[in-house]
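Structure provided below as structure tokens; questions to follow.
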Amino acid sequence: MAMHGMRGLSVFISDIRNCQNKEQERQRIDKELGNVRNRFKNEKGLSPYEKKKYVWKMLYIYMLGYDVDFGHMEAVSLISAPKYPEKQVGYIVTSCLLNENHDFLRLAINTVRNDIIGRNETFQCLALTMVGNIGGREFAESLAPDVQKLLLSSSCRPLVRKKAALCLLRLYRKNPDVVNVDGWADRMAQLLDERDLGVLTSSMSLLVALVSNNHEAYWSCLPKCVKTLERLARNQDIPQEYTYYGIPSPWLQVKTMRALQYFPTIEDPYTRRTLFEVLQRILMGTDVVKNVNKNNASHAVLFEALALVMHLDAEKEMMSQCVALLGKFIAVREPNIRYLGLENMTRMLMVTDAQEIIKRHQAQIITSLKDPDISIRRRALDLLYGMCDVTNAKDIVEELLQYLSSADFTMREELSLKAAILAEKFAPDLSWYVDVILQLIDKAGDFISDDIWFRVVQFVTNNDDLQPYAAAKVKEYLEKPAVHETMVKVSAYILGEYSHLLARRPGCSPKEIFGILHEKLPTVSTTTIPILLSAYAKILMHTQPPDQELQSQIWAIFNKYESCIDAEIQQRAVEYFALCQKGAALMDILAEMPKFPERKSSLIKRAEYSEADTAEQSAIKLRAQQQPSNALVVTDQPPANGATSPVPVGQLSLAMVPSMITTEDHTSTDPASSQQNGSLTKVDPQHPSADLLGDLLGPLAIEGPPGATVQSEHNAVSRLEGGPDAVDGSAIVPVEEQRNTVQPIGNIAERFHALCLKDSGVLYEDPYIQIGIKAEWRAHHGRLVLFLGNKNTAPLVSVQALMLPPAHLKMELSLVPDTIPPRAQVQCPLEVVNLRPSRDVAVLDFSYKFGTNMVNVKLRLPAVLNKFLQPIPVPAEEFFPQWRSLSGPPLKLQEVVRGVRPMPLPEMANLLNSFRLMICPGLDPNPNNLVASTTFYSESTHAMLCLIRIETDPADRTQLRMTLASGDPTLTFELKEFIKEQLISIPTAPPQSPAPAPAPAPPPAAQATPQIPPNDPAALLAGLLS
Amino acid sequence: MGIRFILMVNKQGQTRLAQYYEWLTLEERRALEGEIVRKCLARNEQQCSFVEHRNYKIVYRRYASLFFLVGVDNDENELAILEFIHLLVEAMDRHFGNVCELDIMFHLEKAHFMLEEMVMNGCIVETSKANILTPVQLLEKTS
């Protein structure tokens, strides 16, 4: 009566069903949760029946997606109930609600063990099932011997043994040592002699798990598997209950063939012959029948047999049978079979010699690219991608291009990436490659990643013959009415470099080229304008004889952008304008870009990674990777080092090997050589990179494994700092720890310091992860976004990010996912509120697991004091009254600082500016002094003006006197200390090569500066200025 | 691993049964169910029964108003799973007699018992309907 009569449960379920909307449902559920909670509180009064009913309600609520954070104990306690109905509920609900790490589960170990070793076989089954579903390591340690005993026991009934087999599988995964007992492989082989198909099905799953890790130990199981398969295929001694639509357990057949695919070869001739006979029967004897279920079941077996044949790399004849079958499948109406035909054909590509036969089906595959079902279209795309080679690249790529315009948005990015890769890998000639890429940009500009156009620029730069062609081509595209911004970028770059090669053609004079480009400027975003400006500078340089009109036009543009709010644009405009005045010197600096070092296409690298994500990671490929002795040839082994290896297939070998400009050149003191690369901006020693594209790729782009670039960056840093481990001398103890086995790429302290000055960049990087940061600051609020990028083809797990904020910062980090999928980037916003002035630094305690590596790093976050500063110019008539009104400590503090890193005054001014302290020139008549002002924002101080004066001694640049004033004593002190830290140790200052020309003889006042009595700076300053 | 989860969802997208064989938090489950239900329910009869989602596949089958969605690893044999769904439906049919959505909804516990006899830790444990139904029948006898 009890089971049927859980009336309360039925009523509750129908109530839920009758809810009109989500809100009603929530209300009903909240009410029920309250009710259940109350009942559980007075647990003594609950009968087992009631307890059971409430536990089911909890499961029901949980299934609907509501959190049930109580009652777990009640569910677990039902496990020890004496009666079957309660015990069963306890076991089932526990395995649904809890995971293996739950504490309550540990409490139940003893009860569970008693059930397993007890005499009641229904209890044994329940306990084995729960352990099989959620048992953890502790279960493995305490229960494995008992479970093994049950599995092997001859007195145990099959219903217990089949569960014991899968339970052992779980325990084995938690702790592989559980089967590390002598003679286990033999016992496993004996298990396969089992007549009961239930036990055999479970045992086969266990075997698959075991052989996939160590096939050598289980050789003796191989003939048994073949025997089992033969028994099933010939329908010998199979009970009616285990035939499904006349087919002897299709699931066991599939599983058995799967187990066989983990053995690299079959040496015993008898076993091999038997197996091939069986497989031949399956291949030839599977007919299409009317009954859907029978048809599916027989084809499930057939597809697994195909996979096994491919794995065994059978005789040619059998292979061609397989391809013929697959060729038939991809043309049938039934969508499932069509899908599987395409999928298996892709797997077949890895088999030697199959490619030629598969190519015969190209037309049919191209048809599938237009199938109404996206699942099928994806398979077709993968297959076309896999079967492409030099002979058919033109056809396939052109099909992909044609399909691009009508493809779903979800597929366009993948489609264009694949087309770009194929075009690069298999281009019969380079001009065709350029055509394809430009078409891609034209048709699907939004889906073209930067990598794609960077790559075409690399090829054009490195192949002289290609340059006029590419220039003429992009010009044609630019003349079209609507042009995608990416097209503007690539065109601007190419026309800037190479349009002079077209100068004699009609319509290609510098002026006309400039006109075409400049027409686009109003339509593009700020990321494109710098490229346009560079193009203008280069066009101007190539205009021979000089064209006054063009020159004044372009100069006017530079002029206009000199005050642009975007720093990159502004810098380029200022620098180009200055360069243009230099006449002949311009030629050296703006010379043609040198050839790029030959390197592996980042596109191809990307594709190799993303391949692992897509469905085509076939069992065959996986297995081939696991077993190096496998006869299969894996065709796309990635080269060992992406940075130096040639383009894999070699069709696009570059015309010449360029002279690589090393980073050492960049940092050398000779300005001419550091500009050799035609570098567009001044060289930033913090980011030396082997070429411009490295820069363009941006700090947040996830690059492949570290190549030469990173290495040279490291060198540069160590050269500058005298050692990679040099730490700054600030009061803060560096928190980076080196105990991890995973080594960070680049210097963590460096990265932190760089980020203190800019708002985006890389905070941390190692071979597995890159953490980028992007920040926006407004008054005392900050909004940071952490970009956690997984660089690998495997997920990063157990990801944890813990904020350790100092007392003065309120920080809120949004949820960080536990797992970062392969090649994915996760964004985690972080809100910061500055409560009061302090130099303390927030720390991010970050950890993740990759394989067996547990990586934990503590990273300082650049939410530092200067981020809450806003530079503000203060005119003299305001400065002096303020300065005077803040008289003396604690609001005004003064200190003589010694041990200052010597630097020329303009450099110090730049440094202060970079920390958002605005230099107010002209306030202090002494040229050796600096006066600066800024506004500090925090919740306690609100906006507060800070005034700074620094007096330097040209005779001794290692000391100076600093005076700080603000309306808040803490702020004055903290800011003073902060500036001091910056002056004493600046991590990335270039070496002070020949001492800078000393300033002209110091006026007497300056000489006297250090001796100024420290007690009355205001009067002194006023005196000096009067 | 093989089977990662089994979901029964009606055509309004309401979950009628959910059994996971890997641990996901409630938020993850909600998100996952939302995504795949949207994907699968939008498909029509002429399309195949397999949907690629993230790094695994959904094999699904529709019976009247109810969808059976099974998440599997990419290298799982799709047709075998497709027929395994049918086997589950046949087992429930044998027990309930012409099983429908309401049977599963109001007898969630029995649906769970049957599933538990068929799948353990993501592996198929039993395919004989008689064996699958024994414990449920036993339970009805004892209570």
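The values are calculated or read from the model by the stated rules, or taken from the named source; none is laboratory data. These numbers come from a predicted model, not from an experiment. In this analysis, Cβ positions are derived from the backbone assuming ideal geometry, glycine residues included, and neighbour counts consider all displayed protein chains.
Please work out if A:E86 is within 14 Å of chain B (Cβ to nearest Cβ), assigned to a loop (DSSP other than H, G, I, E, B), in contact (Cβ under 8 Å) with a residue 12 or more places away in the chain and on the phi < 0 side of the Ramachandran plot. So that I can check it myself, show each step before the final result.
Numbers: within 14 Å of chain B (Cβ to nearest Cβ): yes; assigned to a loop (DSSP other than H, G, I, E, B): no; in contact (Cβ under 8 Å) with a residue 12 or more places away in the chain: yes; on the phi < 0 side of the Ramachandran plot: yes.
No, not satisfied.
Check every one of the helices (runs of 4 or more DSSP H) wholly within the stretch A:291-396 and list those with 3 or more residues that are within 12 Å of chain B (Cβ to nearest Cβ).
On the way: elements: A:292-312, A:316-329, A:335-348, A:354-359, A:362-368, A:374-387.
Because the criterion is at least 3 residues that are within 12 Å of chain B (Cβ to nearest Cβ), the helices (runs of 4 or more DSSP H) in the stretch A:291-396 that meet it are A:292-312, A:335-348, A:374-387.
From the list A:L159, A:L143, A:L171, which one is within 12 Å of chain B (Cβ to nearest Cβ), within 43 Å of the chain's Cα centre (by Cα) and under 30 Å from B:L133 (Cα atoms)?
Working: A:L159 fails: within 43 Å of the chain's Cα centre (by Cα); A:L143 fails: within 12 Å of chain B (Cβ to nearest Cβ).
Exactly one residue qualifies, and that residue is A:L171.
Of the residues A:R823, A:R884, which is on the phi < 0 side of the Ramachandran plot and out of contact with any Cys (no Cβ under 7 Å at 6 or more places or on another chain)? Steps first, please.
Numbers: A:R823 fails: on the phi < 0 side of the Ramachandran plot.
None of the other options fit; the residue is A:R884.
Do we find a residue being surrounded by 21 or more Cβ atoms within 10 Å (Cβ to Cβ) and hydrophobic (A, V, I, L, M, F, W, C) anywhere in the stretch A:521-528? Show your work before the answer.
Within the stretch A:521-528, the subset surrounded by 21 or more Cβ atoms within 10 Å (Cβ to Cβ) is none.
No: zero hits.
Under 7 Å between Cβ atoms, which residue pairs at least 6 apart in sequence (or on different chains) link something in the stretch A:874-893 that is in contact (Cβ under 8 Å) with a residue 60 or more places away in the chain with a partner that is assigned to a helix (DSSP H, G or I) and of a type in the set (K, R)?
What qualifies is A:L893/A:K976.
Out of all the residues in the stretch A:155-176, is one or more within 24 Å of A:R258 (Cβ to Cβ), modelled with pLDDT under 90 and part of a helix (DSSP H, G or I)?
The answer is yes, given that some residue of the stretch A:155-176 is within 24 Å of A:R258 (Cβ to Cβ), modelled with pLDDT under 90 and part of a helix (DSSP H, G or I).
I need the full set of residues from the stretch B:70-101 which are outside any strand (DSSP E or B), among the β-branched types (V, I, T) and in contact (Cβ under 8 Å) with a residue 60 or more places away in the chain, in order please.
Of the residues in the stretch B:70-101, the ones outside any strand (DSSP E or B) are B:73-101.
Those left that are additionally among the β-branched types (V, I, T): B:81, B:85, B:89, B:99.
Selection gives B:I81 alone.
With respect to the numbered conditions (1) assigned to a helix (DSSP H, G or I); (2) modelled with pLDDT of 90 or more; (3) within 13 Å of chain B (Cβ to nearest Cβ); (4) over 18 Å from A:G132 (Cα atoms), which one is the sole condition not fulfilled by A:T94?
(4)
Please identify the pairs in which a residue from the stretch A:99-111 that is away from every other protein chain (no Cβ under 14 Å) has its Cβ atom under 8 Å from the Cβ atom of a residue that is assigned to a loop (DSSP other than H, G, I, E, B) and surrounded by 14 or more Cβ atoms within 10 Å (Cβ to Cβ), counting only partners at least 6 apart or on another chain.
A:F104/A:L98; A:A108/A:I79; A:A108/A:S80; A:T111/A:I79; A:T111/A:S80
Still on this structure: Looking at the stretch B:21-69 only, could you name the residues that are assigned to a strand (DSSP E or B), charged (D, E, K, R) and at the interface with chain A (Cβ under 8 Å from one of its Cβ atoms)? Explain how you work it out, then say what you get.
To start, the set of residues in the stretch B:21-69 that are assigned to a strand (DSSP E or B) comprises B:50-53, B:56-63, B:66-69.
Next, only the ones that are charged (D, E, K, R) stay: B:52, B:57, B:61-62.
Listed by number, the residues that qualify are B:E52, B:K57.
Right, next: Suppose we keep only residues that are more than 8 Å from every other protein chain (Cβ to nearest Cβ) and more than 13 Å from the chain's Cα centre (by Cα) within the stretch B:118-143. Which one would you say is nearest to A:T256 (Cα to Cα)? Don't jump to the end; show me each part of the working.
Within the stretch B:118-143, the subset more than 8 Å from every other protein chain (Cβ to nearest Cβ) is B:118-119, B:122, B:132-133, B:136-137, B:141.
With more than 13 Å from the chain's Cα centre (by Cα) added as a condition, the list becomes B:132-133, B:136-137, B:141.
Working: B:I132: 22, B:L133: 25, B:V136: 29, B:Q137: 31, B:K141: 37 Å.
Among them, the one singled out is B:I132.
Also, I was wondering about something else. Among residues belonging to the stretch A:217-253 that are within 14 Å of another protein chain (Cβ to nearest Cβ) and among the small types (G, A, S), point out the one that is farthest from A:I266 (Cα to Cα).
Kept after step one, since they are within 14 Å of another protein chain (Cβ to nearest Cβ), are these residues of the stretch A:217-253: A:232, A:238-253.
Subset that is among the small types (G, A, S): A:246, A:249.
Details: A:G246: 30, A:S249: 24 Å.
Checked the stretch A:217-253; the qualifying residue farthest from A:I266 (Cα to Cα) is A:G246.
Could you grab me the full set of residues in the stretch A:114-136 that are away from chain B (no Cβ under 14 Å) and either crowded, with 22+ Cβ neighbours inside 10 Å or farther than 18 Å from A:G90 by Cα (or both)?
A:D115, A:I116, A:I117, A:R119
Same structure, new question: Select from the stretch A:63-81 the residues that are more than 12 Å from every other protein chain (Cβ to nearest Cβ) and assigned to a loop (DSSP other than H, G, I, E, B) and list them in ascending order. Talk me through it step by step, then tell me what you get.
First, pick out the residues of the stretch A:63-81 that are more than 12 Å from every other protein chain (Cβ to nearest Cβ): A:70-81.
Within the stretch A:63-81, A:F70, A:G71, A:I79, A:S80, A:A81 qualify.
Further question on the same structure: Taking A:M6, is it crowded, with 16+ Cβ neighbours inside 10 Å, touching a Cys at 6+ places or on another chain (Cβ under 9 Å) and within 11 Å of chain B (Cβ to nearest Cβ)?
No.
So, in the stretch B:58-75, exactly how many residues are modelled with pLDDT of 95 or more, within 20 Å of A:L302 (Cβ to Cβ) and of a type outside the set (A, V, I, L, M)?
Adding up the residues that qualify gives 1.
Among the candidates A:S525, A:S449, A:S534, single out the residue that is of a type in the set (G, A, S) and under 26 Å from A:Y403 (Cβ atoms).
Numbers: A:S525 fails: under 26 Å from A:Y403 (Cβ atoms); A:S534 fails: under 26 Å from A:Y403 (Cβ atoms).
Step by step, each of A:S525, A:S449, A:S534 is checked, and only A:S449 is of a type in the set (G, A, S) and under 26 Å from A:Y403 (Cβ atoms).
Could I ask something else about it? Filter the stretch B:10-41 down to residues that are touching an Asp or Glu at 6+ places or on another chain (Cβ under 9 Å) and small (G, A, S) and give me whichever is surrounded by the fewest Cβ atoms within 10 Å (Cβ to Cβ).
For the stretch B:10-41, the residue satisfying everything is B:G13.
To keep it simple, each residue is scored yes or no on (1) farther than 30 Å from B:H53 by Cα; (2) polar (S, T, N, Q); (3) within 21 Å of the chain's Cα centre (by Cα).
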| residue | (1), (2), (3) |
| --- | --- |
| A:T819 | no, yes, yes |
| A:V843 | yes, no, no |
| A:K849 | no, no, yes |
| A:N856 | yes, yes, yes |
| A:K867 | yes, no, no |
| A:I872 | yes, no, no |
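Per-residue answers, yes or no, for (1) in the same structural domain as A:R778 (by the TED database); (2) basic (K, R); (3) closer than 30 Å to A:P795 by Cβ; (4) modelled with pLDDT under 85:
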residue	(1), (2), (3), (4)
A:L815	yes, no, yes, yes
A:I820	yes, no, yes, no
A:N856	yes, no, yes, no
A:E877	no, no, no, yes
A:P881	no, no, no, yes
A:P902	no, no, no, yes
A:M908	no, no, no, no
A:L912	no, no, no, no
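Any residue in the stretch A:34-49 that is within 14 Å of another protein chain (Cβ to nearest Cβ) and buried (at least 19 other Cβ atoms within 10 Å of the Cβ)?
no
Report yes if some residue within the stretch A:951-963 is within 25 Å of A:A807 (Cβ to Cβ), crowded, with 20+ Cβ neighbours inside 10 Å and touching a residue at least 12 places away in the same chain (Cβ under 8 Å); otherwise report no. Before you say what the answer is, go through the steps one by one.
Our first condition is that a residue be within 25 Å of A:A807 (Cβ to Cβ); within the stretch A:951-963, this holds for none.
No, the stretch A:951-963 contains no residue that is within 25 Å of A:A807 (Cβ to Cβ), crowded, with 20+ Cβ neighbours inside 10 Å and touching a residue at least 12 places away in the same chain (Cβ under 8 Å).
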